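Novice: Below is a structure I'd like to ask you about.
Just so you know, all these numbers are worked out from the coordinates, no wet-lab data involved. Here the structure is a predicted model, which is why all the values come from computation and not from measurement. Neighbour counts run over all protein chains shown; Cβ positions are idealised from the backbone, glycine included.
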Amino acid sequence: MDFDRKIYFGDYRCTNLKKLAAYIEELNETIEPLFDAHPLFKGEYALDYYEYLSRCELNSEPIEPKKVFEYIAPLYSNLPDWRNPGTMINVIPAVNLVSAATSSVTQMFNPNFAQDTYSGNLTLAELESVKYLSQIIGWDWEKSCGVFTFGGTGTNMYATKLALCNADAESGKYGAVKGRYFTLTSKNGHPTHYQICDWLGIGSDSCIEIECNPDGRINVSEVKRVIRENIEVGRTFLGYNMTGGSTNELIVDPIKEIYDLNDEIVKDYDLPYKPMIHVDSVLGWIFLFFRYYDFEKNPNDYPDDVLKRIKSMYDHVFEFKYADTLGVDFHKTGFCPYITSAFVVKDRSKFFNLNPSTSIDLKDMKYGDYNPFYTSLEYSRTGVGPMAALTCLKSLGTNSFCKLVGDLVLATHIFRKRLKDNPHVFMLSDGSEGFATLFLLVPPRYGKLTYSTVFSLTDGQTKEIKDYNTRYGKFVLRECIERKTNFLFTSSRSYTLPGTDIKIGAIKAYPFSIFLTEENAEVLAKEVGESIQRFTDQDGDQACTRDEYFVDMTTAGKK
């Protein structure tokens, strides 16, 4: 029995964009009742996955679109709304609607970015986006290249694979040698730095974690010692996976110092190759746009203390130009939909170590010559990332990126300042240049905590404070679900004070909505203060019983 195919696939004699728009509008009407301008869409967290799946049955006959939309609409319940100023549970941005529209249309035509002949001229979006990224980094765009891939894990995997090929050209053909290689990351580095070494077969232990200075940046003297120690026992040094903006404090490692040290190591050991420097800058890259900001004239009129923070971050990311490769997440700090990650390489000839025979000079490239599948991990590659990134870059421009980021820094500064005045709060991120606001809710019997008293806490006291903050995190979630408050953030039991091994835990508030203004930062801080008082009065006795609703991804999988 046949069915009307045009309902589901459109008509090949037209673009069908009007039909797509009509379906989006119909789905919107179905989902609309779940939305009420709150951090969370309506719904309940009491969901039993097994019970739900036990009721699911796949239909044998087609279902009309309206009925399908009615069926899937409940799946949008409990969804966080990243545009809402009160949604502060992770670094996930509001999506640029122009990018979202482009992404939807791109998906409908289903280009495969493995090569240009499968994608028409759409692959130019990747080349153009990489050019702009190279320029804001400070690289020569005619010599650089890049590829969009499956998230920050993908960018780190490309970096490590490239470093392996660079140090051992035959590894791709004959395989990695057990225990032979080593690479370095900082204690504040992302867990994927170890995981990709596991996935690439060189072993997670080959990724050596280096202690950080009290400011959270990698200890370069220790880097030097570890490199020398390992090279002198015969191990092959692949390179460095540096932090270009940590999730919590937005810490950036000293890239220029690492660059200088790398030259020293190559010279001292007469290495036939130069170990590669990768910067995992999926968060911090956004401050590269301040290359175009006039800090003297300060056209956005930021207060001196806020301008100083922005300038300090730009001075750190300015050193990215000394790196060999960079990871960029537009879906984190670039206001794009998932997944929009780019891996960018300073020297395109190094990138083609992945497949040397396919290298072609950019100046010689014509339509039919752009074949990323020769060097990319994926043979099937979506065009959504490059199209979303280019659309966002062109629609906003450099000045708007600076304005959005600067305003977030300003609003975060105000939010912290007001929160710090609360007698129950010990601010952990007061001097942080990051977006995240980290603080401890202090049990009343401890009085006012200071850093010196934190260092003198016993293990039992540290656990008591962690438990107290975990209860408050659950209390916040319950009140948000019940619509008693208009904000939502999370607690973490694993948070460790930078430069120490003290796992004190923390409340993590990521104020990352582009609609977070100075005014509603004040309002939110006041509402948080009222919430803290209610919790303190009842000591969290009626908090949720569920251990975790939002997993702390910043330390998951960390050794």
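Novice: If Lys and Arg each add +1 and Asp and Glu each add -1, what is the summed charge of the other residues whose beta carbon sits under 11 Å from the beta carbon of K274? All intermediate terms of the calculation are to be shown ahead of the outcome.
Specialist: Numbers: positive: K267, K350; negative: D263, D324, D347.
After counting each charged neighbour, the total is -1.
Novice: If you don't mind, another one. Which helices of the chain meet both criteria: a Cα extent of 30 Å or more along the helical axis and a mean Kyte-Doolittle score no lower than 0.5, with helices taken as whole DSSP H segments?
Specialist: Span-like helices here: 384-420.
Novice: Could you order peptides 98-108, 9-19, 331-341 by the average number of other Cβ atoms within 10 Å of their residues, highest first?
Specialist: Details: 98-108: 17.9, 9-19: 11.6, 331-341: 23.7.
My ranking of the peptides, most packed first, is 331-341, 98-108, 9-19.
Novice: By counting other Cβ atoms within 10 Å of each Cβ, how are C145, C165 ranked from fewest to most? Before the final figure, lay out the partial values.
Specialist: On the way: C145 25, C165 22.
The order, fewest Cβ neighbours first, is C165, C145.
Novice: Give the calculated FRET efficiency between K308 and N399 to the nearest 0.05, with a Förster radius of 25 Å applied to their Cβ-Cβ distance. Spell out each step's value before the answer.
Specialist: Values: r = 20 Å, r/R0 = 0.81.
Efficiency for this residue pair is about 0.80.
Novice: Right, something else. Which one of I24, G327, P356 is farthest out on the positive end of the charge dipole of the chain, using unit charges on Cβ (Lys, Arg +1; Asp, Glu -1) and the Cα centre as origin?
Specialist: Of the options given, the answer is P356.
Novice: Taking the highest mean first, how do the peptides 279-288, 131-140 order by number of other beta carbon atoms within 10 angstrom per residue?
Specialist: Details: 279-288: 28.2, 131-140: 18.3.
Put in order of decreasing packing, that is 279-288, 131-140.
Novice: Further, regarding this structure: Estimate the FRET efficiency between Y269 and D215 by the formula 1/(1 + (r/R0)^6), using the beta-carbon distance for r and 22 Å for R0, to the nearest 0.05.
Specialist: Working: r = 29 Å, r/R0 = 1.34.
Step by step, r from the Cβ atoms, then E = 0.15.
Novice: Grab the Cα-Cα distance for E44 and R534, subtract it from 0.36 nm times how many residues apart they are, and report the gain in nm with one decimal. Kindly include the intermediate steps, with their values, before the conclusion.
Specialist: Values: separation 490, 0.36 × 490 = 176.40 nm, distance 2.28 nm.
Extending this stretch completely gives an extra 174.1 nm.
Novice: Ok, one more. Cα gyration tensor of segment 337-405, axes a ≥ b ≥ c as square roots of the eigenvalues: rounded (a/c below 1.5), prolate (a/b > b/c) or oblate? Please report the intermediate quantities before stating the final value.
Specialist: On the way: a/c = 2.22, a/b = 1.88, b/c = 1.19.
Note, shape of segment 337-405 comes out prolate.
Novice: Okay, next question. I'd like the FRET efficiency for K131 and S54, computed as 1/(1 + (r/R0)^6) with the beta carbon distance as r and R0 of 41 Å, rounded to 0.05. Could the numbers behind the result be given before it?
Specialist: Values: r = 52 Å, r/R0 = 1.26.
For K131 and S54, the calculated efficiency is 0.20.
Novice: Something else now. What nm distance separates the two modelled labels at L457 and I24, each placed 7 Å from Cα along Cα→Cβ?
Specialist: Using points 7 Å along Cα→Cβ, the separation is 4.8 nm.
Novice: I've got another one for you. Compare the Cα positions of C212, G244, Y273 along the charge dipole of segment 175-279 (+1 at Cβ of Lys, Arg; -1 at Cβ of Asp, Glu; about the Cα centre) and return the one farthest towards the positive end.
Specialist: The one lying farthest along the dipole's positive direction is Y273.
Novice: Determine the sum of side-chain charges near P372: Lys and Arg each +1, Asp and Glu each -1, restricted to other residues whose C-beta is under 12 angstrom from that of P372. Can you show the working numbers first?
Specialist: Values: positive: R381; negative: D116, E126, D369, E378.
In short, -3.
Novice: Let me ask another. Roughly how big is the chain's charge dipole about its Cα centre, with Cβ charges of +1 (Lys, Arg) and -1 (Asp, Glu), in debye to the nearest 20?
Specialist: Working: 61 positive and 75 negative charges, 64 e Å.
Around 300 debye, computed over the chain.
Novice: Label segment 360-498 by shape, choosing from rounded, prolate and oblate, from the square roots a ≥ b ≥ c of the eigenvalues of the Cα gyration tensor; if a/c is under 1.5 it is rounded, and otherwise prolate applies when a/b is larger than b/c, oblate when it is not. Working shown, then result.
Specialist: Details: a/c = 2.65, a/b = 2.33, b/c = 1.14.
Judged from the Cα gyration tensor, segment 360-498 comes out prolate (a/c at least 1.5, a/b above b/c).
Novice: Still on this model: Give me the net charge of K42's neighbourhood, meaning all other residues with Cβ under 12 Å from the Cβ of K42; Lys, Arg count +1, Asp, Glu -1.
Specialist: On the way: positive: R483; negative: E32, D36, E44, D81, E482.
Summing Lys/Arg as +1 and Asp/Glu as -1 gives -4.
Novice: Follow-up. Considering the convex hull of the alpha carbon atoms of the chain, report its projected area averaged over all viewing directions, in nm², one decimal. Don't skip to the answer; put the middle values down first.
Specialist: Working: hull surface 118.0 nm².
Reported value for the Cα convex hull: 29.5 nm².
Novice: Let me ask something else about it. Report the full-extension gain for the segment R228 to W199: residue separation times 0.36 nm, less the Cα-Cα distance, to one decimal in nm.
Specialist: Answer, rounded to one decimal: 7.8 nm.
Novice: So for segment 190-304, taking the charge dipole from beta-carbon charges (+1 Lys/Arg, -1 Asp/Glu), which of I202, N262, P191 sits furthest toward the positive end?
Specialist: I202
Novice: Using modelled amide H (1.01 Å from N, peptide plane; none on Pro or chain starts), what sits under 5 Å from the amide H of C207, excluding residues fewer than 5 places away?
Specialist: For C207, whose amide H was placed from the backbone, the distant partners under 5 Å are T183.
Novice: On to the next question. Listed here are the pairs K363/K394; K6/K366; K161/K332; K308/K526; which of them are more than 30 Å apart at the Cα? Please report the intermediate quantities before stating the final value.
Specialist: Working: K363/K394 24 Å; K6/K366 36 Å; K161/K332 24 Å; K308/K526 26 Å.
The answer is K6/K366.
Novice: Full extension from A169 to E482: what is 0.36 nm times the residue separation minus their Cα-Cα distance, to one decimal in nm? Please list the in-between numbers first.
Specialist: Working: separation 313, 0.36 × 313 = 112.68 nm, distance 5.86 nm.
Full-extension gain reported as 106.8 nm.
Novice: Also, quick follow-up: Packing-wise, with mean Cβ within 10 Å as the measure, how do 110-118, 485-493 rank, highest first?
Specialist: Numbers: 110-118: 17.9, 485-493: 22.8.
The most tightly packed comes first, giving 485-493, 110-118.
Novice: When the scattering of segment 257-411 is computed by the Debye formula from its Cα atoms alone, each counted once and equally, what is log10 I(q)/I(0) at q = 0.10, 0.14, 0.16 Å⁻¹?
Specialist: Evaluating at q = 0.10, 0.14, 0.16 Å⁻¹ gives log10 I(q)/I(0) of -0.49, -0.89, -1.06.
Novice: Using alpha-carbon pairs under 8 Å, 6+ residues apart, how would you state the relative contact order of the chain in percent?
Specialist: Details: 959 pairs, mean separation 113.0, N = 559.
After rounding, I find 20 percent.
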